[in-house]
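Comments concern the structure below.
The values are calculated or read from the model by the stated rules, or taken from the named source; none is laboratory data. Since the structure is predicted, the reported quantities are computational estimates derived from the model, not experimental observations. Positions of Cβ are generated from backbone atoms using ideal geometry, with glycine treated the same way; all protein chains shown enter the neighbour counts. Each accessible area value is taken on the protein alone, full model and side chains, heavy atoms only, with ligands, DNA and RNA left out. Shrake-Rupley method; radii C 1.70, N 1.55, O 1.52, S 1.80 Å.
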Amino acid sequence: MSKFRVLLVFLVLVAMAPLRAQVQAAKGQPQRTLDVYFIDTEGGQATLFVTPSGESMLMDAGFAGNQGMPDANASNANGAPITRDADRISAVFKQAGVTVLDWMVISHYHGDHVGNAAELANRLPIRHFVDHGPFSVELQPNRSAAFVAYMVVRDKARAIVAKPGDKIPVAGLEVQVVSSAGELITVPVAGAPGVGLPNPLCRDAKLKEQDPTPENFESVGIVVRYGNFRLLDLGDLTWNQEHALACPNNLLGTFDVFHTTRHGDPHAGAPQLVHAIRARVAVMNNGERKGGDPSYWQIVHEAPGLVDFWQLHRSAAGGTEHNSPEQFLANVNETDHGHNLKMSVRADGSFSMMNERNEFMKEYPARAKSAVTSSR
Ligand SMILES: [Zn+2]
């Protein structure tokens, strides 16, 4: 083929590309999914939900500044302060096409959750804030900065104080609050599979002493339902509160995905809950050296019905015995930072999970009807 003909073919192809895209869109609607981005904030939390219609909800906003990053510098090359997690969250907004955030849920006011609430509000419009109320039970000077910055933004915004049992009206999703400000639901989540049944794991269940960080106790916890798919995210709620949600009866039902409580810290992760909810997939928002405790990992690993356990980081404490195989780890080495996990959920309850570090992907089929209603 002459150079001229190659050029001609190229030009024709370029000219036809928009046409082809239009034809494809007209022929069959592209697969529309609920997309969930588990964003790496080095042991904080930031989880973005984008519904098929484009409505968005961010659960928590990671650490402010540069916390948790090795070799931290106070500023970048231009002298501007480093906003590591805000930049990572913004990059995911861009990837997901989110230009207005519809819902910002702040589970509680520790810096690894409320961290960038104010910073993000400077970057894009946020239509609603949801939190456990305008008060924090912990206001030590070294802890309060992100909370105080958030309160300034909150005062000017539409803020909803979540109460257990409330629904957060995200269009296209069912989001139910199951904990907030230290209160828990006392009646089962309506219509959930396996809900309200006596939980045999309560008989030998152990309780733990309250740890000295009472703000975790205030966490807003949510149940997210999309079609046949269910996900549980309890923020940093405590072990004994998990117990109360699962004992003597399982008030939450069973799930497809368990977003592990409190980064895999042993102050949470009560097996009477983790084992009763029968999640097929667990996702842990740990850092290399935050959360990811071996005892917590083992409880999740042994949960009945669990197929895979994904982690945002390989846990240094977990060693070879208490980490998932590498393809399930978003960040493996000390030099790995900021790789996310992306889940795409269909209304029939099937979903895929993708490791953005290496694009390893796994499909999880819809559950058989009997499995959805099984009380075991
Ligand atoms: Zn936390």
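Longer than 28 Å from Cα to Cα, which of 94/362; 156/342; 94/156; 156/208; 208/362; 290/362 are they? Say none if no pair is. In this structure, 156/342; 156/208; 208/362 exceed 28 Å between Cα atoms. Charged neighbours of residue 158, selected by a Cβ distance under 13 Å, balance to 0 (K, R count +1; D, E count -1). Shown here: the range 203-253, whose C-alpha atoms stretch 38, 28, 9 Å along the first, second and third principal axes, sorted largest to smallest. Taking the square roots of 5 times each eigenvalue of the Cα gyration tensor of the range 232-289, largest first, gives ellipsoid semi-axes of 18, 13, 8 Å.
Pull up the cross-link candidates among the aspartates and glutamates for residue 167, meaning alpha carbon to alpha carbon under 16 Å and not fewer than 8 places away within one chain. Straight-distance partners of residue 167: 55, 102, 131, 183, 233. In the chain, the DSSP beta bridges split such that about 65 percent are antiparallel, to the nearest 5.
Computed across the chain, the Kirkwood radius stands at 21.4 Å (inverse of mean 1/r, all Cα pairs). For the chain, carbon and sulfur atoms together expose 56% of the accessible surface, with a 1.4 angstrom probe and every protein chain in place.
For the range 248-362, the extents of the C-alpha atoms along the principal axes are 44, 33, 19 Å, listed from largest to smallest.
Ratio of alpha-carbon Rg to the 2.2 N^0.38 Å globular estimate for the range 313-364, to two decimals, please.
Working: Rg = 12.5 Å, N = 52, 2.2 N^0.38 = 9.9 Å.
Cα Rg divided by the expected 2.2 N^0.38 Å: 1.27.
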